[in-house]
Each structure stands twice: as C-alpha cells, then as structure tokens.
C-alpha cells in the first residue's frame, strides 16, 4: 500500500503470494478445536517495522469473521489490549464503550512453522467479528454519528483506560450497526501504548494523509507522542471521506486540494497541511453531495487546529534563539496552547453534527393492514424500508473481550 493512500482498502495478495504462510492449508484449526475456512484474498496492513499484519475474511461455522495474523515482539498483542479495555469498561459501568471496540472471538499464540519463522517472535492469531469500513457510510448523519462514537471511545480510552491508539487511519476506523443504529468502532490496536512511563515517541510512516502536522516536521516539537495528534488524525479522516467518497466509493477529486495526494511525500504533506490550516480561503475543499451536511462541522474543527497552529507559531517566534532552536517551555503542545482539547473538540461535534435517527428494524416497524386480496398482499413487504441485517455487528463464537 502506498504510504500516502487515502483508499479504504489495503494491498491484497492471494494465499500463494503471502510470504511466511503460517498455516497448513486454507483451513485454520484453532487451539479450542474450532476450524476456520480462510478466504483467498489476503490484505496486508503495513507496520512500522517488521513483517506486515495479514488479514482475511473467514467462515466460522455459519458466521463470517476476520482473521489477523502477525509476528510481533510487543509486550501485549492488540487482542489483549482490547480484552483488558473491555473488561475495564464493564468494571467501571461504562458498557457503552463495548459498542465501539472490536469483538474478539478468539486469540492465540503459537510457534510459527520453520518456513514461516521470522526474527520478530511468536505468531499471533486473532479472530474477531467482521466490521465495515467507515467509507461505506453514505449519509452525513450516519457518518457524523460514527465519528462521534469513535471520538468518544478514543477519549474514554485515553482518560479512563490510559492508552493512546497512535494509528488513526481508514484501516482502523470501522463501524457496526446494532438494532439499526450506527456505531463507530476503533480497530487496530497493534500500536497502542499504555501511558505508564514507557517511551511514547513514535512517528508512523504508513499513513501520511492522516499524520499530524507536527509529526511531518523533520524534528517534531514534542519529545513524546501526544493525544492531540490522534485528534488531528480523526479530523483528517473526516475531511478525506467527506470530500472524496460518494456511495461508498472513492471518486476523482472535485477540487485541486486532493488531486496529487497519491504522489506527495512527508515534506509535501507538511506544506499541504500547513497551507490548509493557515489559508484564509475555504473554497478549496468541498464535501461531496452526500456529505454536504458536514461542511460546518469540518469548518469549525479546522478552526480549532488553525487557531492552535497560529498560537504555536506566535509563541515560537518569541522563543527563537540564535542557534535556530525553539524552547516550548510555557506552551502546552499537547493542546496547542489550549486551542485543541477534548472538550472543545466534543463541543464542536455536539454543535454541528447533523441530526441522526437510527433506522428502524423490521421488528420496530408498524404492522401494515390492507384491503387488497390475499394474492396482492405478498408485495406489501416491498413498501417497507430496507434494513441491512448483514451489518448488525453481532459476534460469532465465544466472546473473550
């Protein structure tokens, strides 16, 4: 996958093309005795270092699931992070968080076969419910509701569970529907880090369009990773899907703003984002017709970051010394001088999200009566709103999270 791709899909291989194939065949036998039938199409999710994470759809009995496998020496696998976070949410009584976390069906570690062994450690196998790309949503109300859930989940994880996600991109922004209601789901916790004193310095290299402005500088101003970087990534994701997707598919850019993104490097993206925040013009970006209702939301979120960027530059102008270095002592880089905070971000969401009403499920629809003869009543169901029951987000198998 290109390092600056704004597509919601990842690089794909077939079973024969995957290096270090860790299984005996396309049938995967789990440690609990259950068997999975793996699909032939395999997605590759690039990682900061080492082999990529591989992912494919599979069948577990009659249910569709997703299987991820990877080689990692991390102290905790993403399945364990999600499991612990879900248990903590239950203990705290914050069960709403579970609607915004992946549902882990199974997780195991195993010794990789000789041909699949790498220097990075054990083979991790994760089975979870199948989630759906955020880019498949087709109304401003549903997309806005999904992003509101993603934001609230991220804030809870940071403030209550004390972790930072650090990899906000389309690969990890998903949704499920429960009883007709859209829930944004934060996925992909392989780069999440606990805020327990360990070093949190990290600049991901596989998602430049979603990367915070500071991280695109040759020397970022902060020594550690900041939660504000993830908020900025959430904003970019909202901007990109609103302006580049229609009917669930990426479309040719309608404005020059996004026309050359597939060719930009980190330095060019820095200049692009700097101009985006500091330009006085608003006409160089425009949501697609389906997402026009998100224009004001994007405009006011942009204003938060715009004010923060200006505040940082004004502060640095005053602290610039003869050596060319800048001291930010006395300036809160985590919030850009108090301009980008959780509360301010949520206030904008609350004020400018379009109204959202969940779709009614078939069980909630009123009974219909008719005076038509019996032969004609068979078509009455065609008059009812269509409900996509394939995206209910219910899990198959035993839940361990």
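The values are calculated or read from the model by the stated rules, or taken from the named source; none is laboratory data. Every value quoted in this text rests on a predicted model; they were computed, and no experiment measured them. Note that we place each Cβ from the backbone using ideal geometry, even for glycine, and neighbour counts take in every protein chain shown.
Here are some notes:
- Checklist (1) surrounded by fewer than 22 Cβ atoms within 10 Å (Cβ to Cβ); (2) at pLDDT below 95; (3) in contact with a strand residue (DSSP E or B) (Cβ under 7 Å, 6 or more places away or on another chain) applied to residue 162, failing item: (2)
- Some residue of the range 375-391 being touching a helix residue (DSSP H, G or I) at 6+ places or on another chain (Cβ under 6 Å), at pLDDT below 85 and exposed (fewer than 11 other Cβ atoms within 10 Å of the Cβ): no
- When 252, 209, 220 are checked against the criterion of being in a helix (DSSP H, G or I) and at pLDDT below 95, 209 stands alone in meeting it.
- Count - residues of the range 107-159 that are at pLDDT 95 or above, more than 27 Å from residue 93 (Cα to Cα) and surrounded by fewer than 20 Cβ atoms within 10 Å (Cβ to Cβ): 5
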